[in-house]
Amino acid sequence: MTDQERLKSGLALPLMEDFYTLQGEGFQTGRAAYFLRIGGCDVGCSWCDVKESWNAASWPLTDTDEIIRRVLDCPAKSVVITGAEPMMYNLDYLCRDLSNSGFELFLETSGSHPISGSWDWICLSPKKFSPPLPEIYNLADEYKVIIQSAGDFDWAEKNTGRLKEGCALFLQPEWSVIDTVMEQVVEYVKANPKWRISLQSHKYMRIP
Ligand code: SF4
């Protein structure tokens, strides 16, 4: 089987890094989980803090069975799959195997690619430059919008009507401008309490 075929079938993935830590953001904040960061992203956020992840070719094509082996001993029995943009890949095989091994699976995605795999929790974090595919809004359990400037509040509101009932709504101040936008985000949530604030608490805890 060629590398392209392994990639296409989900039997290999460009694994950038994997580590056991706590989820720092959003609804699942504070939960211990094994993180898999899959390399490759075509969204191009100016404030991205993992730009080195964008080029998938920079990361070793790793057998999915090897990735699963690394996860299996994790005591938390939960896995966060993030990127870059993990939905650029077929994650059906990875999810099926981990799920059969008793793991809860959490996805972080921009929604710009079709969903593969099956998930216990989908965090949709939309990006203006490459908005989510229409069908993904209804699949999200959590909608986490990054706020970089005052203009982003309108963007945050724009598609909330497409989300399923009960979807958790979060505004997350962009880290590099947090001192500038924090007060605006706090005031916005006070005035619009359907939203909650998500902070990148792992950065305060100084953990990955
Ligand atoms: Fe970075 Fe995520 Fe934006 Fe991709 S979608 S550029 S990984 S912040």
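The values are calculated or read from the model by the stated rules, or taken from the named source; none is laboratory data. This one's a predicted model, so the numbers in the text were calculated from it and none came from an experiment. Note that each Cβ is placed from the backbone with ideal geometry, even for glycine, and that neighbours are counted across all protein chains shown.
For this structure, a couple of remarks:
- The set of residues in the stretch 36-63 being out of contact with any strand residue (DSSP E or B) (no Cβ under 6 Å at 6 or more places or on another chain) and under 11 Å from A12 (Cβ atoms) consists of P60 alone.
- Of all residue pairs spaced 6 or more apart or on separate chains, those with beta-carbon atoms under 7 Å, a first member in the stretch 63-83 that is on the phi > 0 side of the Ramachandran plot and a second member that is modelled with pLDDT of 95 or more and exposed (fewer than 14 other Cβ atoms within 10 Å of the Cβ) are K77/G102.
- Condition met for I178 (of a type in the set (V, I, T) and either within 17 Å of the chain's Cα centre (by Cα) or within 14 Å of the ligand (Cβ to nearest atom) (or both)): no
- Filter result for G40 (of a type outside the set (A, V, I, L, M), surrounded by fewer than 19 Cβ atoms within 10 Å (Cβ to Cβ) and in a loop (DSSP other than H, G, I, E, B)): no
- Test result for E104, farther than 16 Å from Y34 by Cα, away from the ligand (no atom under 11 Å from the Cβ), more than 13 Å from the chain's Cα centre (by Cα) and of a type in the set (D, E, K, R): no
- Flag for L94 being of a type outside the set (K, R), part of a helix (DSSP H, G or I) and buried (at least 17 other Cβ atoms within 10 Å of the Cβ): yes
- Scan of the stretch 1-30 for residues that are over 15 Å from the mean Cα position of the chain (by Cα) and in a loop (DSSP other than H, G, I, E, B), ordered by number: M1, T2, G10, L11, G30
- Checking each residue in the stretch 44-83 for being at pLDDT 95 or above, within 10 Å of the ligand (Cβ to nearest atom) and in a loop (DSSP other than H, G, I, E, B) picks out only W54.
- Residues located in the stretch 97-112, provided they are crowded, with 19+ Cβ neighbours inside 10 Å and not β-branched (V, I, T): L98, F103, L105, F106, L107, E108, S110, G111, S112
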